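The values are calculated or read from the model by the stated rules, or taken from the named source; none is laboratory data. In this text the structure is predicted, and so the values were computed from the model without any measurement. Note that we place each Cβ from the backbone using ideal geometry, even for glycine, and neighbour counts take in every protein chain shown. The accessibility values were calculated without ligands, DNA or RNA, using every heavy atom of the protein model including side chains. Shrake-Rupley method; radii C 1.70, N 1.55, O 1.52, S 1.80 Å.
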Amino acid sequence: MTKGRMEAFSDGVFAVIITIMVLEMKAPDGASLMALGPVVPVFLSYILSFVYVGIYWNNHHHLLQAAQHVSGGILWANLHLLFWLSLTPFVTAWMGQNQFAPWPVALYGTVMLFAGTAYFILTRSLIAHHGKDSTLAASIGDDRKGKMSLAAYSVGIPLSFVQPWVACACYVGVAIMWLIPDPRIEKALHQ
């Protein structure tokens, strides 16, 4: 089956996730700059999550550009990814409203870990469907960045209970690593 409906549905879910996240941010009480102080953690968690959702959207787009068609299993793998990403507004709000307390930071990392795992599964499902000699398989390779991301989340989650800011640094590090989409996919598509 064609991939168009999956892409359109996914784009809609990504847009809704971002919309919900911004609607969770409430204006502060008061008109002074000091009134913004309590909102800073909420805004910082929003920025991190906005970047994450943007990264997933961008990389999802590149991944599907390399795919020719999808199967029922791929649709379910994609839905699995969207499920975990749809929890982003909740964990973003909880983490920001509680000023990066240990449990919210740990749950944030857990949702990111499961989203990363779901993306890995989606990638592997697409490669299995298109074959090991496909452009997609060649451009993904052994997916070192994906594996490193999962390891960083796995380290960050327990660190949340020791030092939440160090855990957040792990999550920011993963985001920085993924800011630029994998150039191998674009390069493979242009050849």
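Being surrounded by 19 or more Cβ atoms within 10 Å (Cβ to Cβ) and not aliphatic (A, V, I, L, M) is the filter; apply it to region 60-92 and report the residue that is nearest to Lys145 (Cα to Cα). Taking the candidates together, the pick is His60. Taking region 135-147 as the range and being surrounded by 14 or more Cβ atoms within 10 Å (Cβ to Cβ) and not β-branched (Val, Ile, Thr) as the test, the residues that pass are Leu136, Ala137, Ala138, Ser139, Asp143, Lys145, Gly146.
Only one entry of Val53, Val40 meets the criterion of being free of Cβ contacts under 8 Å to residues at least 40 places away in the same chain and open to solvent by 60 Å² or more (accessible area, probe 1.4 Å), and that entry is Val40. Pairing residues of region 105-123 that are under 30 Å from His69 (Cβ atoms) with residues that are open to solvent by less than 30 Å² (accessible area, probe 1.4 Å) and outside any helix (DSSP H, G or I), at Cβ distances under 9 Å and at least 6 apart in sequence or on separate chains, gives Phe120/Asp143; Thr123/Asp143.
Each row is one residue, and each column tells you yes or no for (1) touching a strand residue (DSSP E or B) at 6+ places or on another chain (Cβ under 7 Å); (2) modelled with pLDDT of 95 or more; (3) within 27 Å of Ser134 (Cβ to Cβ); (4) of a type in the set (Lys, Arg).
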| residue | (1), (2), (3), (4) |
| --- | --- |
| Leu33 | no, no, no, no |
| Val40 | no, no, no, no |
| Ser49 | no, yes, no, no |
| Gly54 | no, yes, yes, no |
| Ala67 | no, no, yes, no |
| Ile74 | no, yes, yes, no |
